[in-house]
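Engineer: Just dropping this structure here.
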Amino acid sequence: MTTLELAVPGLPSSVSFHIHDPETDLVSRRMAEERCWEVFESRLWLASQRAGDVVVDAGANLGYFALLSALAPARAGQIHAFEPAADNFELLESNLALNRCAACVRAHRLALGARHARGSLYRSADNRGDHQVYAGDGERLAEDIETVEGARYLARFCDRIDLLKVDTQGSEFSVIEGLWPLLVAGGSELRMLIELTPFSLQLAGASGRALIERLSELDLPMSIVDHIEGRLEACAAEDLAQWCDNVAATRGDRGFMNIFLGTPPRL
């Protein structure tokens, strides 16, 4: 375990953060090099949070975005972080304790999905942010995990979601399905940051188009996250769905992007 001092735009001071060995993990290596993770997405996440929000981080990995929510100027009402991998979850809890945020973030060593089930997490050998809940197309070691239907599981804590991040390496569609009643309850105030990877979604038994069409039922503005230019680019649902179709139809294309749903914050 290595400890860094991260400099995150939007936070008034540096943040202490535990990572895996940078020599063996891609996410940890990038954080060690850049002293941040996804600079624009970090700014976007912090600017999107409002006082009293119910925040859910699905695929929390080391707890980076959950920690940002805990330290954000706008104080959240609830923060829930879901991470099924044992070694990632250990560092997630350690990072919350290191920053004295353990009391304001509920950490769940679970995967979110469309139903309750026992299953396997198929682990990436060199990127602990790339574990997946389906076998995929390569050899991976498996870890036993529990998956829960998000809305039913979270019903004991909340009746809506206001701010959601989903980065689950292809299982985004099933995560959204499981959370659906809470997303609908969020109404027009709901904000979401989601990774969109047609290749992984297809391996998981869904598709990019299916995910976009389902999300479009929430009737929220959609934007592409342009992390290079540092801006949100408004985009129609059908245009995103067509992009997904094009990527899925191109052999070997593993293109991905982050998308934002909801009213864009001031940045």
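The values are calculated or read from the model by the stated rules, or taken from the named source; none is laboratory data. As the structure is a prediction and not an experimental result, all values here were calculated from the model. Neighbour counts are summed over all protein chains in view; Cβ atoms, including those assigned to glycine, are modelled from backbone coordinates with ideal geometry. Surface accessibility is based on the protein's heavy atoms, side chains included, excluding ligands, DNA and RNA. Shrake-Rupley method; radii C 1.70, N 1.55, O 1.52, S 1.80 Å.
Engineer: Of the residues R251, R209, which single one is surrounded by 15 or more Cβ atoms within 10 Å (Cβ to Cβ), of a type in the set (K, R) and closer than 23 Å to V133 by Cα?
Structural biologist: None of the other options fit; the residue is R209.
Engineer: For segment 103-119, give me each residue that is under 19 Å from the mean Cα position of the chain (by Cα), of a type outside the set (V, I, T) and not in a helix (DSSP H, G or I).
Structural biologist: Of everything in segment 103-119, those that are under 19 Å from the mean Cα position of the chain (by Cα), of a type outside the set (V, I, T) and not in a helix (DSSP H, G or I) turn out to be R106, A107, H108, R109, L110, A111, L112, G113, A114, R115.
Engineer: Out of R100, R29, R75, I need the residue that is in a loop (DSSP other than H, G, I, E, B), free of Cβ contacts under 8 Å to residues at least 24 places away in the same chain, open to solvent by 20 Å² or more (accessible area, probe 1.4 Å) and among the basic types (K, R). Which one?
Structural biologist: None of the others qualify; the one that does is R100.
Engineer: Still on this structure: Kindly list the number of the only condition in (1) in contact with a Gly (Cβ under 9 Å, 6 or more places away or on another chain); (2) within 19 Å of G63 (Cβ to Cβ) that fails for N127.
Structural biologist: Going through (1) in contact with a Gly (Cβ under 9 Å, 6 or more places away or on another chain); (2) within 19 Å of G63 (Cβ to Cβ) one by one, N127 breaks only (1).
The rows are residues; the columns are (1) modelled with pLDDT under 90; (2) more than 16 Å from the chain's Cα centre (by Cα); (3) under 24 Å from D219 (Cβ atoms); (4) open to solvent by less than 30 Å² (accessible area, probe 1.4 Å).
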residue: R128; (1), (2), (3), (4): yes, no, no, no
residue: R156; (1), (2), (3), (4): no, yes, no, no
residue: A185; (1), (2), (3), (4): no, yes, yes, no
residue: S188; (1), (2), (3), (4): no, yes, yes, no
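Engineer: Quick one: which residue in Y153, Y64 is farther than 27 Å from S16 by Cβ, out of contact with any helix residue (DSSP H, G or I) (no Cβ under 7 Å at 6 or more places or on another chain) and aromatic (F, W, Y)?
Structural biologist: Only one candidate qualifies: Y153.
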